[in-house]
Structure formats: C-alpha cells, structure tokens
Amino acid sequence: MTVYDVARALPGIEELRDHSRGLAMLDAVLSPAWEGRYYSFDAHWSGTEQLASMKDGQGGEYTIVLSPAGAFARVFDHESPLSPYGPLADGATWPGVLDGVPDAFREYLTEPAFLDEDDVHVTTACLWREAADTAWHTGPVAFPDLDGHPDPDGSHGLLRLLLDRTPEAYAAWASEYYETPVDLDAVRHVLALRPLTRELVSVLHPGVDLADLAEDVTEIGYPTAAA
C-alpha cells in the first residue's frame, strides 16, 4: 500500500479527530509517563488548531493538524526509501510528496516543527483534506522501482490505527506494545469518547487514579461527565 491507498481508506475529518482523541486518552491511561506514549492529542495546539500525533520511539511518526480549514497530515518513516536521509532522496523531501498542497495549508510547509535543522520537510507521505472536501488528497508521487516493498512511504504502517479503527485493533496493538492485557470493553468505552470513571481507569491500569488524568483530559479535550 502507498499513500494513495491510505487516502481512500482514511475517515472524514470529524471521525478522525474523535478517534485520535480516544487513542490519546487510552495511551494516557496506559502510560502515565509521557515519554512512553505512542499517541497524543493537543486540543490547544494554537488558538484555532489541534494536533493529533504519533511517535513510535524508533524514528517513525505522524502529525495531523486539524483547523477550521480542514486537516493536513504528514507521515515520516525513517526506514522508508523515500526518506530525505536515505540514499535515493539525497537530503531532500521526495519529489511530489508536497506538491499540490493548497493555500489553506501552505503554512505547514514551513512549520518549524515539521522541518529539520536544514529546513528540509521531514516527510515521506503527505495528505490533506479541506473542510468542504469529500476525500483526502495527496501529491503526485512518483515511486521508485520498489518491487516487494509493501509500505514504501510508511503511511500504511504508521497510520494503521486510523485505518482500522475497531476497538479490537487497538486492544491487540496495545497489549503487545505495553506488554499487558488490555480490556476490550474499556477500550470500546474510551474510543466512543464516553466520560471516564474511576472503575474504568482501574480496569485499564490499576496503578492510575482518575484524578491523575486531569491534565491529560484537558489537553486532549476529552469529554467529561459535566460536559
């Protein structure tokens, strides 16, 4: 699969936003230490923007800016043959990856958080969707001859839990990643963005109390019972 396949499989903006908040809340419960988390969500990235993000701790990551204009997503797989740091790209973002980005998202092409020290956009796949769009879009990427490479730009592997949004998919992944059984019903509850309870948090992680998550709930913008 490539970014073209991923673009056809990603959900609409609001579904992606809600699912990203659920992923971030689950990771906050399962990993109280920030450094150990995989998924994050900043509901207050700026006055008008939110940021869904993932870092796998091995050089793979994605960031998705959600704004009134729509959504802009960048993916970076350090093992991808399209990586700016690989032998094929010669220190530059792969041709076509960022081509066609509309004016609504052009500022993200120079966003310091997405650039390295040489002002290279650290991206192997890019997707965007304006608020009125009915589909995701990508640039005209010309892939090299990569016979046998199932995920050349990293978009499928790194965005996999945005493509398969079932509770079963997260529970299976988290059980392996965090090396502990993860309760499926509790995962289903959080991905549905239902308010947290002390009992539910304890089921997911017995060492965490609901009160410990107050800052995370605020940062993620996760619904509370009062809301």
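Conditions (1) assigned to a loop (DSSP other than H, G, I, E, B); (2) under 20 Å from residue 61 (Cβ atoms); (3) basic (Lys, Arg); (4) in contact with a Cys (Cβ under 7 Å, 6 or more places away or on another chain), marked per residue:
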residue: 140; (1), (2), (3), (4): yes, no, no, no
residue: 149; (1), (2), (3), (4): yes, yes, no, no
residue: 175; (1), (2), (3), (4): no, no, no, no
residue: 186; (1), (2), (3), (4): no, no, no, no
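Quick grid of which residues meet (1) of a type in the set (D, E, K, R); (2) closer than 30 Å to residue 219 by Cα; (3) touching a His at 6+ places or on another chain (Cβ under 8 Å); (4) in a loop (DSSP other than H, G, I, E, B):
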position	(1), (2), (3), (4)
58	no, yes, yes, yes
64	no, yes, no, no
72	no, yes, no, no
82	no, no, no, yes
88	no, no, no, yes
98	no, yes, yes, yes
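Among the residues of the stretch 15-43, none is identified as assigned to a loop (DSSP other than H, G, I, E, B), out of contact with any helix residue (DSSP H, G or I) (no Cβ under 7 Å at 6 or more places or on another chain) and more than 20 Å from residue 202 (Cα to Cα).
Within the stretch 52-71, does at least one residue satisfy the condition of being without any contact (Cβ under 8 Å) to a residue 24 or more places away in the chain, surrounded by 12 or more Cβ atoms within 10 Å (Cβ to Cβ), under 30 Å from residue 206 (Cβ atoms) and touching a Phe, Trp or Tyr at 6+ places or on another chain (Cβ under 8 Å)? For the stretch 52-71, residues without any contact (Cβ under 8 Å) to a residue 24 or more places away in the chain, surrounded by 12 or more Cβ atoms within 10 Å (Cβ to Cβ), under 30 Å from residue 206 (Cβ atoms) and touching a Phe, Trp or Tyr at 6+ places or on another chain (Cβ under 8 Å): present. For the stretch 151-168, the candidate set comprises residues that are in contact (Cβ under 8 Å) with a residue 24 or more places away in the chain and not in a loop (DSSP other than H, G, I, E, B); within that set, the residue that is surrounded by the most Cβ atoms within 10 Å (Cβ to Cβ) is 155.
What are the residues in the stretch 1-14 that are in a helix (DSSP H, G or I), in contact (Cβ under 8 Å) with a residue 40 or more places away in the chain and surrounded by fewer than 20 Cβ atoms within 10 Å (Cβ to Cβ), if any? Talk me through it step by step, then tell me what you get.
Here is the first cut: in the stretch 1-14, the ones in a helix (DSSP H, G or I) are 3-9, 13-14.
Within this subset, residues satisfying the condition of being in contact (Cβ under 8 Å) with a residue 40 or more places away in the chain are 3-9, 13.
Across the stretch 1-14, the qualifying residues are 4, 5, 7, 8, 9, 13.
Which condition does residue 91 not pass, out of (1) at pLDDT 95 or above; (2) on the phi > 0 side of the Ramachandran plot, if it passes all the others? Result: residue 91 fails condition (1) only. Restricting 104, 132, 142 to those that are over 30 Å from residue 203 (Cβ atoms) and surrounded by 15 or more Cβ atoms within 10 Å (Cβ to Cβ) reduces the list to 104.
The values are calculated or read from the model by the stated rules, or taken from the named source; none is laboratory data. From a predicted model like this one, the values you see are computed outputs, not experimental measurements. Every residue, glycine as well, gets a Cβ built from its backbone with ideal geometry; the counts of neighbours run over all protein chains shown.
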